[in-house]
Each structure stands twice: as structure tokens, then as C-alpha cells.
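Any read-out appearing in this document is the output of simple, stated calculations on the displayed coordinates, not a laboratory observation. In this text, all values refer to a predicted model and were calculated from it rather than measured experimentally. When we count neighbours, we look across all protein chains shown, and the Cβ atoms used for this are built from the backbone with ideal geometry, even at glycine.
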Amino acid sequence: MTVMGRIRAAVKTDLAFIHDWLVLEARDGEGFVYNWHLIEKALDKGDMTVFTDAGGAVGFLTYGISPSSILQVRSDRQGQHIGRALVEDAIRREEALNNAVLIVQCEPKSSVEFWARMGFEVHRNTGYSDHQDIVYMQRLSKIPHENVRGDDLEMISIRVYPSSVLYSDSGKGTPDRVYYTMARFNADNRTLELARRVSVANEPMLRDPVVEICWCGQIFIGKAKHLEAATIGLKLTPNHCGWYLDVINLPD
């Protein structure tokens, strides 16, 4: 379905129009109009986008894709893919910044299904907040690297464990996640160029995730946050929500 309208950065004149329809849609003391100071603050910081049609702004998103995001579409325009368009635009901008792990708070909780359709999954937030009834979801980037193609690729496996694996006497046990991707070995600079990005979320449930990289045997195992992981090629996302890997630097 083609969405009629356009997305742009919000400007001051959008606020009065948005405020009017937020007031009309508030019910029983609930509604984003009660977070109006947060919306104004986002605009002042340049962190707000709007979807506009001929009549004005009918949807908006603050703070990109983050736990502080506020996404709302005017009720008579819901179901027309406006929210999807705003989120897809924000994801493109986040990925351009290499924010390979994105986390949102699902409020209201009924938004869980929307975020699932947008490619988000549960973010296990034990320890993330004192309020365990708050729902977070995450999206892990899997950007394909179109230049890494051909018959000369080899398989890489990347396993993610909780930090307890480093202190266990009974072996590594079952990994929390396993990723398989193909890669090209570059003998000149001793790197493995991945066919697609692998992203690791900094989930509190894992208490400092441990990453194991295997290619013809183990190359590396250690905490994602440590310098040794950065040396091997694991990069911290600018939003500090996790790490991503595009190229593996092989040890000498």
C-alpha cells in the first residue's frame, strides 16, 4: 500500500496541530498529551520526525528508535502504514549511524504486535529496570554485504553465552544464540569479511555477553565489552545497546 504524504524533521509550527489531536484522543487520564513536555523537548533537541499530509502532521516519532521513543499516529489515520513508514525511516537513519542494535519500550503494551511486525523481538531486560512489568523489544541488524559473494566463501559460526560461561568448571554448555554466516578470507591482511552483519545485544539477562568466534577451530572467546573483542573486530554501537561484527581480524 502506498502511503500518501511525506516524512520530514518536525518544526515548531507542527506542535500546535499535533497538540490539538492528542488532546481530543486522550481518554481517562491516558494519552501521549500527558507526555507533552517530552515531545516539546524532543523537538527542541532536533530529535522528532513527522508524517505530514495536505492537512498537517498526522503522525510523529521522537528520539528515533530508542527506549525513549514516542510513536503516535492520529486515530483516523491509523491502519494506513504511517507508523510503519516513520519507523522504517528511523531504522534507515539508525543503521546509517551503525546503531546495529535497537531497543524500544512497548508502551502501551498493545504495541508489541506492531514492533514484532517491524522485526523486533523480546529484549530480556532483567536488571534493566526496577519495574519488571515494563516491556522492551530489540532489533538486531543483519545488513548484507553485497560485495561478499561467490564460491570462495567459508562458513563462520558465532556463539553468544552469558558471562557465567567464563567461570564454569563444567564446560561452555549451550550457547544463548548461534549465528552462521559465510565469509571471505583475505590472506593479504588476514581478515574474514562477513557476508552479512552479526549483531549482539547487551541484554542484562546475559550479564556481560560472551562471544565465541569459530573458523577452522576457535578464533576468539571473551566478553564483548573487552578490548580483546574490539581487536578481533567487534564494535560497540554508538547508542551503547550492543555490538556488531562486519570484518574479523585474525590473530597473528
- Task: Search the structure for amide H atoms under 5 Å from the amide H of ALA10, placed 1.01 Å from N in the peptide plane, and list their residues when 5 or more places away or on another chain.
- Result: MET48, THR49, VAL50
- Message: What is the sum of charges, Lys and Arg at +1 and Asp and Glu at -1, for the other residues whose Cβ falls under 12 Å from the Cβ of ASP89?
- Response: +2
- For the stretch 154-249, with only Lys/Arg (+1) and Asp/Glu (-1) charged at the beta-carbon, what is the dipole magnitude about the Cα centre, in debye rounded to 20? 140
- Note on the structure: trypsin sites (Lys or Arg not before Pro) in the stretch 7-47 lying in a DSSP loop, each with at most 15 other Cβ atoms within 10 Å of its Cβ, come to LYS45
- Would you mind getting the Kirkwood hydrodynamic radius of the stretch 6-140 from its Cα pairs, rounded to one decimal in Å? 15.4
- Task: Would you mind calculating the gained length between SER157 and ASN35 on full extension (0.36 nm times residue separation, minus the Cα-Cα distance), in nm to one decimal?
- Result: 39.5 nm
- Message: Quick check: net charge around TYR167, other residues with Cβ under 12 Å of its Cβ, Lys/Arg +1 and Asp/Glu -1?
- Response: +1
- Message: Below 18 Å, Cα to Cα, which aspartates and glutamates can LYS41 reach? Residues fewer than 8 away in the same chain don't count.
- Response: ASP14, ASP20
- Message: About the Cα centre, and with charges only on the beta carbon of Lys, Arg (+1) and Asp, Glu (-1), how big is the dipole of the chain? Nearest 20 debye, please.
- Response: 180
- Query: Which one of TYR161, GLN218, PRO67 is farthest out on the positive end of the charge dipole of the chain, using unit charges on Cβ (Lys, Arg +1; Asp, Glu -1) and the Cα centre as origin?
  - Reply: GLN218
- Could you point to the label whose value was computed as Rg/Rh (Cα atoms, Kirkwood Rh) for the structure here, given (1) 1.05; (2) 1.02; (3) 0.98? (1)
- In the chain, with Lys and Arg counted as +1 and Asp and Glu as -1 at Cβ, which of these residues, ASN99, LEU250, ILE134, has the Cα nearest the positive end of the dipole, that is, farthest along it? LEU250
- Query: Using the eigenvalues of the Cα gyration tensor, what equivalent ellipsoid semi-axes result for the stretch 154-249 when each is taken as the square root of five times the eigenvalue, whole Å, largest first?
  - Reply: 21, 16, 11
